[in-house]
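Structure, as structure tokens:
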Amino acid sequence: MPIRPWILSDYKMCFDIWQCFSESTPTKEVFRELAKNNQLFIAEEEGRIIWFVSYKTIWNESIMLQFLRIHSDFHRKWIGSILVKHVEKEVSRKGAYEVFSTVLANNIPSKKLHEKLGYKESGYIDFDSGKELVYIKVL
């Protein structure tokens, strides 16, 4: 499964995947900014984007995973773990020592994925849209 940096022509397919999760979708400018900093990756299967994830640096050498989205046809096929490991390797190479991620409290598959990958639940954030659990992994 090829993993590569995001390019502008990927926006439509990423937009379609995002729409499965949320009504509000990041603009092309948000994606461009992440791509400009090499912080947005996609994975393809037979020329079709099946996954994308981004990250941003917070607190010096700490990383926050963002926009982890997997096409619904590929849920629960362990693709998420392969791709999160890819990002962990990439950010570790750049000097990061810990990764943060948030998961909606009712998203059991995502919670299981994070725990399987060694992330530890460390608290939660209450939003109007619901509670998000905060996970941390030391690399």
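The values are calculated or read from the model by the stated rules, or taken from the named source; none is laboratory data. Just so we're clear, the structure is a prediction, and the values are computed from it rather than from any experiment. Note that we place each Cβ from the backbone using ideal geometry, even for glycine, and neighbour counts take in every protein chain shown.
Just a few scattered comments:
- Residues that are farther than 14 Å from Cys14 by Cβ, within 10 Å of the chain's Cα centre (by Cα) and either crowded, with 20+ Cβ neighbours inside 10 Å or free of Cβ contacts under 8 Å to residues at least 24 places away in the same chain (or both), drawn from the range 40-72: Tyr55, Leu65
- If you go through the range 95-111 and keep only what is surrounded by 13 or more Cβ atoms within 10 Å (Cβ to Cβ) and more than 14 Å from Met64 (Cα to Cα), you end up with Leu104, Ala105, Asn107, Ser110, Lys111.
- A residue that is free of Cβ contacts under 8 Å to residues at least 12 places away in the same chain and either within 19 Å of Met1 (Cα to Cα) or surrounded by 17 or more Cβ atoms within 10 Å (Cβ to Cβ) (or both) can be found somewhere in the range 74-87.
- Qualifying residue in the range 118-131 (condition: under 16 Å from the mean Cα position of the chain (by Cα) and either at pLDDT below 90 or of a type in the set (Asp, Glu) (or both)): no
- Taking the criterion of being modelled with pLDDT of 80 or more and among the aliphatic types (A, V, I, L, M), the residues of the range 1-52 that qualify are Ile3, Ile7, Leu8, Met13, Leu40, Ile42, Ala43, Ile49, Ile50.
- Qualifying residue in the range 115-133 (condition: in a helix (DSSP H, G or I) and at negative phi): yes
- Elements of type helices (runs of 4 or more DSSP H) contained in the range 7-106, each with 2 or more residues being acidic (Asp, Glu) and within 22 Å of Leu117 (Cβ to Cβ): 79-93
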